[in-house]
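The values are calculated or read from the model by the stated rules, or taken from the named source; none is laboratory data. Fair warning: this is a prediction, and the values are worked out from it, not measured in the lab. When we count neighbours, we look across all protein chains shown, and the Cβ atoms used for this are built from the backbone with ideal geometry, even at glycine. To get the accessible areas, we keep the full protein, side chains included, count just its heavy atoms, and leave off ligands, DNA and RNA. Shrake-Rupley method; radii C 1.70, N 1.55, O 1.52, S 1.80 Å.
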Protein chains: 2
Amino acid sequence: MSRRGHRKWRNESDSTVGVVMATSILAGVELGGTKCVCVLATPTGEILAQERVDTLAPDVTLPQIKAILHQWFETRRDISALGIASFGPVDVDKASPGWGKIGQTPKAGWTGVDIVQELSAGLGVPAVLDTDVNGAALAEMRWGAAVGLADFAYVTIGTGVGVGLIVDGAPICGFGHAELGHMRIPRVAGDTWPGSCPYHGDCVEGLAAGPSIISRSGMRASLIATDDPIWTLVGHAIAQMLHNIVLSATPRRIFLGGGVITAQPQLFPIIRRELQASLNGYVSSPELDRIEEYITPPGLGTLAGPLGPIALAAALAGQATRRPAAVA
Amino acid sequence: MSRRGHRKWRNESDSTVGVVMATSILAGVELGGTKCVCVLATPTGEILAQERVDTLAPDVTLPQIKAILHQWFETRRDISALGIASFGPVDVDKASPGWGKIGQTPKAGWTGVDIVQELSAGLGVPAVLDTDVNGAALAEMRWGAAVGLADFAYVTIGTGVGVGLIVDGAPICGFGHAELGHMRIPRVAGDTWPGSCPYHGDCVEGLAAGPSIISRSGMRASLIATDDPIWTLVGHAIAQMLHNIVLSATPRRIFLGGGVITAQPQLFPIIRRELQASLNGYVSSPELDRIEEYITPPGLGTLAGPLGPIALAAALAGQATRRPAAVA
């Protein structure tokens, strides 16, 4: 019944048992809404190389990423695994025939693209896939502010709204991955702007992501005054999502990052205040009582994203190297 | 980091290793908002005895339950464990000093009551605690319609709204248990009734639970016509909660039961339709495509609740009996 110790996000390839060495290095690709980052790093998270590629149409972006990867793999022979951390929706269920493919997305050309096949073909190493936010959450758990935590959330507010929800040490995963950024939430009374999500209008992403802020205000977020009332509306939407996350998984901490949050730190006090007002004392815990530590920036800062695919690859490599020992 | 294989809901008592026999029987108490049920059953879920006690003040209700338990334990010497499945909020974190106690609740007199201590004292067997809905979900997983599923939700709409969210074979649990019935959701346009939840007003429970329906309509639900527009409002609230559950845990199935649902089966098509409209094709899976199987009544029917504490006790007894074998 339970698949404890064999969580789906591991996606390990059995054929690699014994091939992966603990001292080898790891390659990763973070596919984001605006940019993609190729990373080469040690299993301890030390970045050896990092290259950025703009996220355009897949027939433009993917060849550029592949060129970088192939150059690295030709130069170095000790790369043992490839981690891919992608924007969603993406099929992360290895039992599914669609494993590795991007799902229904408004990003032009990307729907149905088999990113695992595209990026790993010809490299000769096993590949592992999860969402960008699950990768970042696992990086925080391995090297950042979530070390020692088994239950927490990693939330990013940027081009989209993403949540990596870690339950009992692994990303939550049923028939697919979490898409909590598209959660349905109540509006501030009197706010009737329809929201910008092409699927849901005023879901969290439709009210709080970067493009939504531009669409509502008619200007770039960096040009909006920090005391503009729009930040209360954005903070309220995020806090309503956090209310629902607190009541679903009771995470020990919630890490809040991404482009919008990093550039608008005035959102933190708004979100904390709105969350406490919304919960209204119904649940209590020592963690929640320390709200400034509870809603907090990620420990790895802007490295959480690029280290995400490395954390995935490290788990894959770690799993494979432990196996022969267990058999012996 | 991970506590796989040692999930918190097990709460087993180490002192009982070797005492519990696989052939012994199990006692359970389901503490509900309206009634409590004491159950005596075999480890295979066959109910041997069942007694009902009204949920009144704790100094009235708890002595009645204790009298039933003590009579059973005096009559039979082969009862090996006590399962307690309680309404929430209740402290289910065994590492917490408040473990076993009812949390902040509008139920008069119950806040802070140590139900584990109260009910298990003097019985001489280990006790295990979880929420009523987590118990029912585990009963469905052991004996009902969720056999073979590791990721699903058990939702009950009755005196309150409760959700047992099973992730990778165990109830989701961070600093506490899920309280998804108090999720924040958007309203039907133009519906401004403030809701009946004393903490949140128009959270799901404040819009869809039995007392909310009575409060809004001024009459018992059984007197309301099945085609009354109120059912669309109730179904919409439930569907918005399910939208958020689908996008958080991507459960393989959602079991929907409880007094309100059982008495108002016309809610099923409303909820299914509203959920599909709300998701708007953003996520897809073979499970979701078969919406009539996806949103479905529980397999154990009204027995899911009373068998909940038995499922908890069975897990506890099973764990204890397996241990000496592992050591040997």
When you look at residue B:269, is it free of Cβ contacts under 8 Å to residues at least 12 places away in the same chain and within 13 Å of another protein chain (Cβ to nearest Cβ), yes or no? no
Could you grab me the full set of residues in segment B:91-122 that are within 14 Å of chain A (Cβ to nearest Cβ), modelled with pLDDT of 95 or more and open to solvent by less than 30 Å² (accessible area, probe 1.4 Å)? B:102
Here are some residues: B:165, B:138. Which one is within 11 Å of the chain's Cα centre (by Cα) and within 30 Å of residue B:215 (Cα to Cα)? B:165
Filter segment A:43-63 for residues that are within 14 Å of residue A:31 (Cβ to Cβ), open to solvent by less than 50 Å² (accessible area, probe 1.4 Å) and not in a loop (DSSP other than H, G, I, E, B) and give the result. A:53, A:58, A:61, A:62
Residues satisfying the stated conditions in segment A:176-194, i.e. more than 7 Å from chain B (Cβ to nearest Cβ) and more than 16 Å from residue A:245 (Cα to Cα): A:188, A:189, A:190, A:191, A:192, A:193, A:194
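Return yes or no: is residue A:125 more than 14 Å from chain B (Cβ to nearest Cβ) and touching a Lys or Arg at 6+ places or on another chain (Cβ under 7 Å)?
On the way: more than 14 Å from chain B (Cβ to nearest Cβ): yes; touching a Lys or Arg at 6+ places or on another chain (Cβ under 7 Å): no.
Taking the combined requirement at face value, the residue does not satisfy it.
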Yes or no: residue B:244 open to solvent by 50 Å² or more (accessible area, probe 1.4 Å) and facing chain A (nearest Cβ under 10 Å)? no
Tabulated pairs, segment A:54-70, first assigned by TED's automatic domain parsing to the domain that holds residue A:124 and of a type outside the set (Gly, Ala, Ser), second in a helix (DSSP H, G or I) and open to solvent by less than 60 Å² (accessible area, probe 1.4 Å), C-beta under 6 angstrom, 6+ apart or interchain: A:55/A:61
For segment A:189-226, name all the residues that are under 20 Å from the mean Cα position of the chain (by Cα) and of a type in the set (A, V, I, L, M, F, W, C). A:197, A:203, A:204, A:207, A:208, A:209
Of all the residues that make up segment B:283-317, how many are under 30 Å from residue B:81 (Cα atoms) and in a loop (DSSP other than H, G, I, E, B)? 4
Which of the residues spanning segment B:150-175 are open to solvent by 10 Å² or more (accessible area, probe 1.4 Å) and at the interface with chain A (Cβ under 8 Å from one of its Cβ atoms)? B:173, B:175
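Do you know which of the residues in segment A:247-270 that are in a helix (DSSP H, G or I) and polar (S, T, N, Q) is surrounded by the fewest Cβ atoms within 10 Å (Cβ to Cβ)? First the steps, then the outcome.
Applying the first criterion (in a helix (DSSP H, G or I)) to segment A:247-270 yields A:247-249, A:259-263, A:267-270.
Checking the rest, the ones that are also polar (S, T, N, Q) come to A:248, A:262.
Values: A:248: 28, A:262: 17.
If we take residues in segment A:247-270 being in a helix (DSSP H, G or I) and polar (S, T, N, Q), then A:262 is surrounded by the fewest Cβ atoms within 10 Å (Cβ to Cβ).
Please work out if residue A:210 is at the interface with another protein chain (Cβ under 9 Å from one of its Cβ atoms) and not basic (Lys, Arg). Give the steps one after another, and end with the answer.
Details: at the interface with another protein chain (Cβ under 9 Å from one of its Cβ atoms): no; not basic (Lys, Arg): yes.
Here the answer is no, as residue A:210 does not meet what is asked.
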